[in-house]
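Below is one structure, written out as structure tokens; comments come after it.
The values are calculated or read from the model by the stated rules, or taken from the named source; none is laboratory data. Just so it is clear, the model here is predicted, and its values are computed rather than measured. Methodologically, a virtual Cβ is constructed for each residue, glycine included, from the backbone with ideal geometry; neighbour enumeration extends over all protein chains shown.
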Amino acid sequence: MLLSTGSIESIIRNANTDVRVQYRTYSDNFLLYFEKKDVDEYEALKLLSTIARKIQLKLLTDHKIIVRGGITVGEFYANERIVFGQGLIRAVDLEDKIAKYPRIVIDNDCFQKSIPKLVESRYLLQDADGLYYVNYFHSKDTLLSAKGHCISLINSNCKYQYNVKDESKIAQKERVIAKYLWLLIKFNEACGVIKEEPLQIDYQLKINEKILKLEINCGKNK
């Protein structure tokens, strides 16, 4: 497991909540959950967003891993061996079919009343496709800690292999590049919002002339 039990428990503890937040891992998935009766809608979404963005940032800065996910409300059961329920199915659908990019999206139908407040306080952001997602580049400190890792990931993953011809590999790499381009754009947008433009990542977009596909190259970390 990439995050130790101690790391996860520390993140939950530092959220300063009396809610009994539980977690499970299976395959390459990480689950956070608690009972709806323990907290109102606004506090529930704020709490999950707080914990989720810290986990996202830790995975990025400690392990150079970008993740996507979903936050929803629904029936769910878990013990030491199994996890199942409609809430889990909906969360997996949000992650697999809707998020697409390295973002944790919010189930709008479950949190309509709370989303505007959390957008105003920048816990959440609205994307160009209308979806709301957890804002993990929310401060200068997070930008400073993430910048070098973002540059390294983009430069390592956003070019095609020399003389690549396999169409399935080209399509797969194209999807990967789209995810990192999203990450790059959101990082630079966050710098602009908090008036820290000098922290923005310098980058160049280039067309691979052999396959006519986009590649990305980032300049040195400032």
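Given the structure, is Asp109 at pLDDT 95 or above, exposed (fewer than 14 other Cβ atoms within 10 Å of the Cβ) and in the same structural domain as Val39 (by TED's automatic domain parsing)?
No; evaluated as a whole, the condition is false for this residue.
Just to check your reading of the model, which residue among Gln172, Gln204 is part of a strand (DSSP E or B) and more than 17 Å from Leu59 (Cβ to Cβ)?
Testing whether each residue is part of a strand (DSSP E or B) and more than 17 Å from Leu59 (Cβ to Cβ) leaves just Gln204.
Can you tell me which residue in the stretch 17-33 is nearest to Gly69 (Cα to Cα), limited to those that are modelled with pLDDT of 85 or more and in a loop (DSSP other than H, G, I, E, B)?
Val21
Those residues that are assigned to a helix (DSSP H, G or I) and not charged (D, E, K, R), I need them from the stretch 160-169; list them, please.
Listed by number, the list holds a single entry, Ser168.
Conditions first: (1) surrounded by fewer than 18 Cβ atoms within 10 Å (Cβ to Cβ); (2) part of a helix (DSSP H, G or I); (3) of a type in the set (Gly, Ala, Ser). Ala52 passes all but one, so which condition is the exception?
Looking at each condition in turn, Ala52 falls short on (1).
When you go through (1) modelled with pLDDT under 95; (2) surrounded by fewer than 19 Cβ atoms within 10 Å (Cβ to Cβ) one by one for Val119, which number turns out not to apply?
Of the numbered conditions (1) modelled with pLDDT under 95; (2) surrounded by fewer than 19 Cβ atoms within 10 Å (Cβ to Cβ), the odd one out for Val119 is (1).
Out of the stretch 79-129, which residues are assigned to a strand (DSSP E or B) and either more than 19 Å from Glu189 (Cα to Cα) or of a type in the set (D, E, K, R) (or both)?
Within the stretch 79-129, Val83, Phe84, Ile106 meet the criteria.
So is Tyr133 assigned to a strand (DSSP E or B), more than 16 Å from Leu199 (Cβ to Cβ) and in contact (Cβ under 8 Å) with a residue 12 or more places away in the chain or not?
The answer is yes for Tyr133.
Can you tell which of Val67, Val73 is more than 29 Å from Glu189 (Cα to Cα) and modelled with pLDDT of 90 or more?
Step by step, each of Val67, Val73 is checked, and only Val73 is more than 29 Å from Glu189 (Cα to Cα) and modelled with pLDDT of 90 or more.
With the requirement that a residue be touching a helix residue (DSSP H, G or I) at 6+ places or on another chain (Cβ under 9 Å) and buried (at least 16 other Cβ atoms within 10 Å of the Cβ), what does the stretch 66-92 give you?
Result: Ile66, Val67, Arg68, Gly69, Gly70, Ile71, Thr72, Val73, Phe76, Ala78.
Can you pull out the residues in the stretch 192-204 that are touching a helix residue (DSSP H, G or I) at 6+ places or on another chain (Cβ under 9 Å) and exposed (fewer than 12 other Cβ atoms within 10 Å of the Cβ)?
Correct list: Glu197, Pro198.
Among the residues of the stretch 11-37, write down those that are among the small types (Gly, Ala, Ser) and closer than 20 Å to Glu95 by Cβ.
Of everything in the stretch 11-37, just one residue is among the small types (Gly, Ala, Ser) and closer than 20 Å to Glu95 by Cβ, namely Ser27.
Can you confirm whether the stretch 93-101 contains a residue that is of a type in the set (Ser, Thr, Tyr) and surrounded by 19 or more Cβ atoms within 10 Å (Cβ to Cβ)?
Checked the stretch 93-101: at least one residue is of a type in the set (Ser, Thr, Tyr) and surrounded by 19 or more Cβ atoms within 10 Å (Cβ to Cβ).
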